[in-house]
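First the structure, in the form of C-alpha cells, and then the observations on it.
The numbers here are math on the coordinates, done by the rules we state, and not lab data. Worth saying up front: this structure is predicted, and the values here are computed from it rather than measured. In this analysis, Cβ positions are derived from the backbone assuming ideal geometry, glycine residues included, and neighbour counts consider all displayed protein chains.
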Amino acid sequence: MGSKVYPEPVEEKWIMHYSNCQRILVVGDGDFSFSTCLAKAFDEAPKMVATSLDSKDFLVKNYENALPNVEELGIRKCKVMHEIDATKMSNHEFLGGIKFHRIIFNFPFAGFFKDLPRDSQLQRHREVVSLFMKNAKDMIKQNGEIHITHKCNGFHMEWNLEAMAYSCKLRLIEAVDFDVDDYPGYNTKRGFGGDDNFNCYPSKTYKFGLC
C-alpha cells in the first residue's frame, strides 16, 4: 500500500482582524471593495462569502468598480452572492447552514428618510442593526465574532450598538478605532445609488460575541 498523502497546511495570512483561516461572511458590501481587499490580502479566499443587498444589475449600473471586484473575488475563490438581506439571512437556504468565525457589516444604514422626524429615522436604523444582530448571532461559531464598523459621533452615537447587542444576548468584546487606509482599495460607498464615497471618520469597529 502506498503512503497516505496529506495536504500541506495553509499559511495563515492576516489583514487587521481577519485571517484566511477564518470562515468569514461580509454583508452589505456596497461595491464589494472591502471583500476584495480581504481576498487580495489572503491571496485566495475560499472560506469567505461576500454579499450585497443589491442585485448584480443594480451594482453594475451604480458602481464603476463593482463588476471588476466581483470578477476578482471569483478568481480568488470567494463566493459572491447578491440580493442577500442581512435582516433575514439566517433563514437563507445556503447561508443559514454555515457557522462563521466572523460576520462583518460595515456602516449599516437603513436608507434616507429626510421627511421623517429624527426619532423615526433613528428607529429605522436601529431596527436594521438589531435584526442583523439577531440573525448573525445564530450564524456564528461559539467563539465567533460579529463586527460592526460604525461612525462614532453625533446622530450615529444615538444608535447605541452596545445596548442593542445586550438585548440580543451579545456582549461587547472591544471597540477599536477604524482607519480606512488599513484596507487598501476599500471604498465607503453611500449605498442606494451613486458612486461617491462618504467620510467615514471618526468610526470604530465594534466586536460582539456570544454571552
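Here are a few things to note about the model shown:
- Near Ser203, the amide H atoms lying under 5 Å from its own belong to Cys152, Phe178; only residues 5 or more places off or on other chains count, and H is placed 1.01 Å from N.
- The stretch between Lys88 and Val176 holds 28.9 nm of extra length on full extension. This uses 0.36 nm per residue minus the Cα-Cα distance.
- With θ taken as phi - 60° and the Karplus curve 6.51 cos²θ - 1.76 cosθ + 1.60 applied, the whole-hertz 3J(HN,Hα) list for segment 64-71 is 4, 9, 4, 5, x, 5, 4, 5 Hz, x standing for glycine and proline.
- In sequence order, segment 84-90 has phi-based couplings of 9, 8, 5, 8, 9, 5, 5 Hz under the Karplus curve 6.51 cos²θ - 1.76 cosθ + 1.60, θ = phi - 60°, and Gly or Pro positions carry x.
- In the chain, helical runs assigned H by DSSP with n ≥ 4 each contribute -39500 (n - 2.57); averaged across all residues and rounded to the nearest 500, the mean residue ellipticity at 222 nm is -8000 deg cm²/dmol.
- In this label model, Met16 and Ile98 are separated by 2.0 nm, measuring between points 7 Å along each Cα→Cβ vector.
- Ranked Leu161, Leu172, criterion: other C-beta atoms within 10 Å, fewest first: Leu172, Leu161
- With contacts taken as Cα pairs under 8 Å and at least 6 residues apart, the chain reaches a relative contact order of 21 percent.
- Of Phe208, Phe178, the sequence from fewest to most neighbouring Cβ atoms within 10 angstrom is Phe178, Phe208.
- Whether segment 14-210 is rounded, prolate or oblate, judged on the alpha carbon gyration tensor where a/c under 1.5 counts as rounded: rounded
- Long-range HN-HN contacts of Phe107 with modeled amide H, under 5 Å: Thr149, His150
- Segment 8-87: antiparallel DSSP beta bridges as a percent of all, rounded to 5: 25
- Taking the fewest neighbouring Cβ atoms within 10 Å as the starting point, the ordered list for Lys151, Lys99 is Lys99, Lys151.
- Distance in nm between pseudo-label sites at Arg118 and Glu162 (7 Å out along the Cβ direction from Cα): 2.2
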